[in-house]
Structures are given as structure tokens and as C-alpha cells.
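Have a look at the structure below before the remarks.
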Amino acid sequence: MQQVKIGVQLEPQATTTEALRRAWTGADELGLDTAYVWDHFYPLHGDPDAAHFEAYALLAAMAVETSRIRFGALVTCNSYRNPNLLADMSRTIDHLSGGRFILGIGSGWFERDYTEYGYTFGTAIGRLRKLEADLPVIQQRLSVLNPGPVGPMPVLIGGSGEKVTLRLVAEHADAWNAFGPPDNFAHKNRVLNEWCERVGRDPREIHRTVLIRPHELGTWRDYVEAGAQELIVSLEDPFPLDGVAELLREVRAA
């Protein structure tokens with residue numbers, strides 16, 4: 001079996017910064033490959049007014065409080081930051097971590113974030129077109145920053161839209177994230193390969209990741225057979241790492 005990576009997404013809602021810090025240092029010490037937070041301003045489930053924390057401030061802290069794990073946002077909402085600024089923020093966090101930052105990015109979807117923070121929500125296709133326009137700007141800014149990323153700093157695009165998003169993955173991304181169940185992931189994986197063929201990209205250059213819930217840990221082999229090269233387990237406070245540790249042992253032993 002191919003070497004499968006294991007990561008976690010630490011939900012920054014209904015929690016404290018102290019709990020998040022314990023979780024990402026625990027993930028680092030456990031030997032996980034990656035750790036992520038999401039990029040939203042309000043809870044995505046449960047109490048809509050529960051405590052919540054901003055992604056990039058958390059990522060800067062994660063950069064200096066971990067030593068080996070790779071990390072990022074799963075995924076950054078492109079609409080929330082000027083693309084040149086996002087490139088600069090990412091480069092700076094990459095330096096704080098010694099070159100472990102992953103620039104995860106997507107077009108955005110959570111309407112409450114937009115309306116309460118004063119961003120234009122618009123349409124799904126409009127947000128995708130903005131992502132398409134901004135990706136080259138981000139890459140250009142990264143190429144001229146002094147100093148540049150410690151790098152190479154991977155760009156991970158999240159999303160499963162077959163007409164635009166997966167084309168953007170084929171054109172720009174070093175990694176891709178999507179959701180299950182396994183048959184859905186397998187289908188999207190095939191569509192991504194088709195886009196790679198259309199745009200002249202070697203599909204082996206794109207790392208395939210999938211976000212799963214703790215109750216799916218027992219199906220990890222199905223995801224690997226569907227094409228996943230990395231399993232990212234979404235955890236909420238109190239961020240139980242025991243199940244992820246067992247998954248890590250199973251995968252390493254396979």
C-alpha cells in the first residue's frame with residue numbers, strides 16, 4: 001500500500017485558544033502529518049453564537065508552537081483577504097514555521113461570514129471567477145516577495161465542482177481536498193484526472209486529500225482505494241486524538 005498521510009482539522013468553534021493549542025501540540029507530538037483549522041468567523045454547526053476564533057492568527061501561533069507537522073487552513077476563503085496580502089501573510093507564517101505552511105484556499109460559501117463582516121456574497125460562480133483571477137496574483141506575489149517562502153509552499157485547493165473548481169485544481173494546485181463518501185470521492189478523483197489530461201498536467205503531481213469524520217475511521221481503506229493519499233479527521237473540542245492515533249498505527253502497519 002502507498003504511504004498514506006494522516007492529519008486533523010481542529011474546529012475553532014465552541015472551544016478555547018488553550019484547548020486548540022493543546023490539540024495542535026498533541027498532534028505534532030503524535031507524529032501526524034498535517035493539522036488544519038477552518039477559515040470562518042462563526043460556528044458551522046451547533047450553537048450559532050458559540051465561541052469562535054480567526055484562522056490566520058491561530059495559524060501564526062501554530063507555526064511557532066509546533067516543530068514538525070505541516071499545517072494550514074482547510075481552506076482559506078479567497079474572498080476575505082486581498083490576494084497580495086494573503087500571499088504575504090502566508091509567506092510570513094511559512095517563515096515562522098521554518099517552511100511547513102500549506103496554503104489551502106477555496107472560493108468561499110458560508111453566507112453569514114460575508115453578510116456580518118461586510119463582504120459581498122454574490123453568486124457561487126462569481127466567487128469561483130474571483131478565485132480564478134486571484135490565484136495567479138497570489139503566485140506572482142509569492143515569486144517577488146523578499147524573502148520568498150522557505151518553500152516550496154504547496155497550494156491546496158478545496159472543492160469538488162466539476163466544471164470550474166477541479167479545472168482550477170488541475171491548473172494551479174499542488175494538492176486537493178474534497179469530501180466523502182468514498183464513491184463520491186472516487187468519482188471526483190476521476191474527474192480531476194480528466195481535467196489534468198485536458199490541461200496537460202501530470203495527475204501524479206497533485207496530492208489527493210479527503211476530510212472525514214471520526215465515525216468514518218473504520219472505512220479508511222475504502223478512501224485509499226478511491227484515490228485518497230491523505231486522510232484528514234475533523235475534530236471538535238475536546239479534540240480526542242486517541243482514534244486518530246489508532247488510525248495512524250493501522251495505516252503505518254498496512
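The values are calculated or read from the model by the stated rules, or taken from the named source; none is laboratory data. Computed from a prediction, not measured in an experiment: that's the story for all the values here. All Cβ positions, even for glycine, are placed from backbone atoms using ideal geometry, and neighbour counts span all protein chains on display. To get the accessible areas, we keep the full protein, side chains included, count just its heavy atoms, and leave off ligands, DNA and RNA. Shrake-Rupley method; radii C 1.70, N 1.55, O 1.52, S 1.80 Å.
Give me the distance in nm between label points sitting 7 Å out from Cα along the Cα-to-Cβ direction at E29 and A133, one decimal.
About 4.8 nm separates the two model spin labels.
Explain nothing, just the number: dipole magnitude of the range 1-124 about its Cα centre with +1 on each Lys and Arg Cβ and -1 on each Asp and Glu Cβ, in debye rounded to the nearest 20.
Here the range 1-124 has a charge dipole of around 460 debye.
Pull up the cross-link candidates among the lysines for K163, meaning alpha carbon to alpha carbon under 24 Å and not fewer than 8 places away within one chain.
Partners within reach: K130, K188.
Ignoring ligands and nucleic acids, what accessible area does T209 show with a 1.4 Å probe (Å², nearest 10)?
Answer for T209: close to 0 Å² accessible.
Over the range 1-113, what percent of the accessible surface lies on carbon and sulfur atoms, probe 1.4 Å?
Solvent-exposed carbon and sulfur of the range 1-113 make up 53 percent of the total.
Be a star and scan the range 120-138 for residues whose amide nitrogen sits under 13 Å from the point 7 Å along the Cα-to-Cβ vector of E111.
Only 121-124 fall inside the zone, counting backbone N under 13 Å.
Among L128, P238, N146, flag the residue with its Cα farthest along the positive direction of the charge dipole of the chain, charges on Cβ as +1 for Lys/Arg and -1 for Asp/Glu.
Positive-most Cα among the choices belongs to N146.
How big is the charge dipole of the chain about its Cα centre, in debye rounded to the nearest 20, if each Lys and Arg gets +1 on its Cβ and each Asp and Glu gets -1 on its Cβ?
Here the size comes out at about 760 debye.
In debye to the nearest 20, how big a dipole does the range 58-156 give about its Cα centre with +1 on each Lys and Arg Cβ and -1 on each Asp and Glu Cβ?
It comes to approximately 200 debye.
Using a cut-off of under 19 Å, list every residue of the range 100-122 whose amide N is near the label point 7 Å from the Cα of A50 along the Cα-to-beta-carbon line.
110-113
State which helices in the chain qualify, where a helix is a whole DSSP H run, it must extend 27 Å or more along its own axis by its Cα atoms, and its mean Kyte-Doolittle hydropathy must be at least -1.0.
124-144
Over the chain, what is the relative contact order in percent, taking alpha-carbon pairs closer than 8 angstrom and at least six residues apart?
22
Using only DSSP helix segments of four residues or longer, with each worth -39500 (n - 2.57), what per-residue ellipticity at 222 nm results for the chain after dividing by its residue count and rounding to 500?
Counting only the DSSP helices, I get -14000 deg cm²/dmol.
Relative contact order for the range 1-81: what percent, with Cα pairs under 8 Å and sequence separation of 6 or more?
Averaging sequence separation for qualifying contacts and normalising by length gives 35 percent for the range 1-81.
Please compute, for the alpha-carbon atoms of the chain, the extent along each of the three principal axes and give them in descending order in Å.
42, 41, 38
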